[in-house]
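> There's a structure below that I have some questions on.
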């Protein structure tokens, strides 16, 4: 529970989606998309930090490479795909493409920064359009979401970039789970 509370506090501290005015250049995670020197798709400034890809400001990011004609995703992006289709696709549709009552997150994450994403997922959101209220519930107490919030963000940012097409990730098209991810999962979920 402490880790989940930390995520909510971090989201608020970063100015997450609670009416705070944030300048575009200050939005964590919105670095330009690039193809790096190895021909992999990622964001400008991304580096591998103990098996996880991060931007200079510490925001997690994706890293997707073409190997033998197949897209190979970093573990976090792959795990985000798994978690998204376990927890989020019921409302937001497969591959983040939306539904009749929830927005396409593959579109929303084109402009939504990391802190807004964290705040929205942790606290929920009510949107009023022409008298119709659209309600996203809070997932701040759901460990199946909050323990993997960074991975969910990676998957949706990769989908938003267009570098990860709609479809299934599985088999051999992802990197192995790094030790850091194993340790984080154990710390969040408990023994």
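> Simple spin-label model, 7 Å along Cα-to-Cβ: residue 187 to residue 107 in nm?
3.7 nm
> Got a sec? How would 62, 134, 41 order by Cβ neighbour count within 10 Å, fewest to most?
Working: 62 29, 134 13, 41 21.
Taking fewest neighbouring Cβ atoms as first place, the list is 134, 41, 62.
> Peptides 82-95, 114-127, 154-167: what's the order by average Cβ count within 10 Å, highest mean first?
Details: 82-95: 17.1, 114-127: 20.1, 154-167: 21.6.
Listed from highest to lowest mean packing, they are 154-167, 114-127, 82-95.
> Right, something else. What's the FRET efficiency of residue 175 with residue 130 using the Cβ-Cβ distance as r and R₀ = 41 Å, to the nearest 0.05? It would help to have the intermediate numbers written out before the result.
On the way: r = 45 Å, r/R0 = 1.09.
According to the calculation, E is roughly 0.35.
> Any chance you could check the Cα centroid distance between segment 47-69 and segment 132-146 for me, in angstrom?
What the calculation gives is 27 Å, centre to centre.
Every read-out reported here was derived from the displayed coordinates using simple, explicitly stated rules and does not represent laboratory data. Since we're looking at a predicted model, the values are computed, not measured. FYI the Cβ positions are ideal-geometry reconstructions off the backbone, even for glycines, and counts take in every protein chain you see.
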